[in-house]
Amino acid sequence: MKPSIILNDTTLRDGEQAAGIAFQIPEKISIAALLDAIGVPEIEVGIPAMGAVETEAIAAILSLGLRAQLLGWNRAVPGDILASIRCGLKRVHISVPVSDIQIQVKFQGDHSRLLKQLRQSMEMALEQGLWVSVGGEDASRATLAQVIELAQKAQRWGAQRFRYCDTVGILDPFSTYDQISHLVQAIDIPVEMHTHDDLGMATANALAGVRAGATSVNTTVNGLGERAGNAPLEEVVMALQQILGINTGIDTHRLRELSQQVARATGTPLPPWKAIVGDNAFAHESGIHAAGVLRDPRTYEPFPPEVVGSQRRLVLGKHSGRHLLLQVLQEHGIPLEQISPQQLETLLEQVRQHVTQSKRPIPATELARWAQHTLQHIL
Ligand SMILES: [Zn+2]
């Protein structure tokens, strides 16, 4: 079945715009290849107008012959479109601001010049037979009328899709739903969501946009991107699947592998509590949770970790109880009948002290040696 929502990943463009992030060409190539391998249908590969290094990377990705459609990001400037054409890209995204504040700063408030440049740039791309997407930058701080006016013009001039950008991440799911519902009724071309996480709403707003009728979502792996980042690919894929029952056609089993590859390329480890792909996303420590998961993992997991290529971890820590401790001891061949309730209490207390002092949980594997040693002293 053909996926009803198109994912367009911009890790290599908006993702790389994150402060302090710069991918090397081989890293870009392997990220693009893995995005393609897991079934991401569109990849925004970069900004050709940035110069030789960027176009070299884009050319290298183009030469891979990926199944994914590759897009270049452009301003409404002839030089940008020319650079995209020279790269050999068949799809271009052209971005123009919609909000008064951005039109003032970028076009000195000259709205008609903005429209003229957009039209010229679009014509240039369309004459070359390119597929054109138009983006309304900072749409969430413009009036709905301004957004619709731009989207309708873009459609009339030949755009195949309109990107709605919550550029500074100020919407919530309710306001997003409201805006996108009106926008999709006002135009015939598909609407794409581009949401930022400044207030922690990027994924929620992308989903709200889909509920309202958007059919494409711009994502980045691990949510990498400007300031607080973008809607994370892994979150959008799993939320669409789990909440809305939408199959995006992505092989979710490789999401953690992709996440780790991008994290390595950024040189920054992910926080352990990162949704879907963090080390703790399927870790259980507290007594009540671990006891529940040992009986039936569904007690405290929304879906099995294997679905996203992760693993369940039972972690002994400050909040662990006797149940998990016994389980771990048993798994490591320590005969439980030799341990008195008093000894178990002592061991549990030692685990808690150790964790409090070291600020680290004790992975079950590490515990074997540690527990043996401790028990030898107790027994
Ligand atoms: Zn952005």
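Since every read-out is calculated from the coordinates, none of them should be taken as a lab result. All of these numbers come straight from a predicted model, not from anything done at the bench. Using ideal geometry, Cβ is built from the backbone for each residue, glycine included, and neighbour counts are taken over all protein chains shown.
Data overview
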read-out	value
Inter-site label distance for residue 311 and residue 334 at 7 Å from Cα along Cβ, in nm	2.1
Debye-sum result for the stretch 281-333 in log10 I(q)/I(0), which assumes one identical scatterer on each alpha carbon, at q = 0.20, 0.24, 0.28, 0.31 Å⁻¹	-0.66, -0.90, -1.10, -1.21
Top positive-direction residue, dipole computed over the chain with Cβ charges, set 293, 4, 41	41
Distance between the stretch 181-200 and the stretch 91-111 - C-alpha centres, whole angstrom	17
For the stretch 283-378, alpha-carbon Rg relative to the globular expectation (2.2 N^0.38 Å, N residues)	1.09
3J(HN,Hα) from dihedral phi, the stretch 12-21, Karplus parametrisation 6.51/-1.76/1.60, rounded to Hz, x for glycine, proline	7, 10, 5, x, 6, 6, 4, 4, x, 9
Other-chain or far-sequence residues with amide H under 5 Å of residue 316's (modelled H)	362, 364
The chain: relative contact order as a whole-number percent, Cα under 8 Å and 6+ apart	13
Selection from 348, 283, 372, by position along the positive dipole direction of the stretch 283-378 (Cβ)	283
Computed FRET value (nearest 0.05) for residue 60 with residue 112, which takes r as the C-beta separation and R₀ as 45 Å	0.70
Counted charge near residue 292, where neighbours are those whose Cβ lies closer than 14 Å (Asp, Glu -1; Lys, Arg +1)	0
Rounded to 5, the percent of DSSP beta bridges in the chain classed as antiparallel	10
Euclidean distance of C-alpha centroids, the stretch 320-360 and the stretch 34-62, integer Å	51
Ratio of the Cα radius of gyration of the stretch 74-125 to 2.2 N^0.38 Å, where N counts its residues	1.17
Using a Förster distance of 25 Å, the FRET efficiency for residue 323-residue 369 (Cβ separation, nearest 0.05)	0.70
The stretch 6-266: mean projected area of Cα convex hull, nm²	12.3
Within-9-Å neighbourhood charge of residue 216 [Cβ basis; K, R +1; D, E -1]	0
Cross-link table 28/274; 90/116; 153/274; 274/318; 106/274, entries beyond 28 Å C-alpha to C-alpha	153/274; 106/274
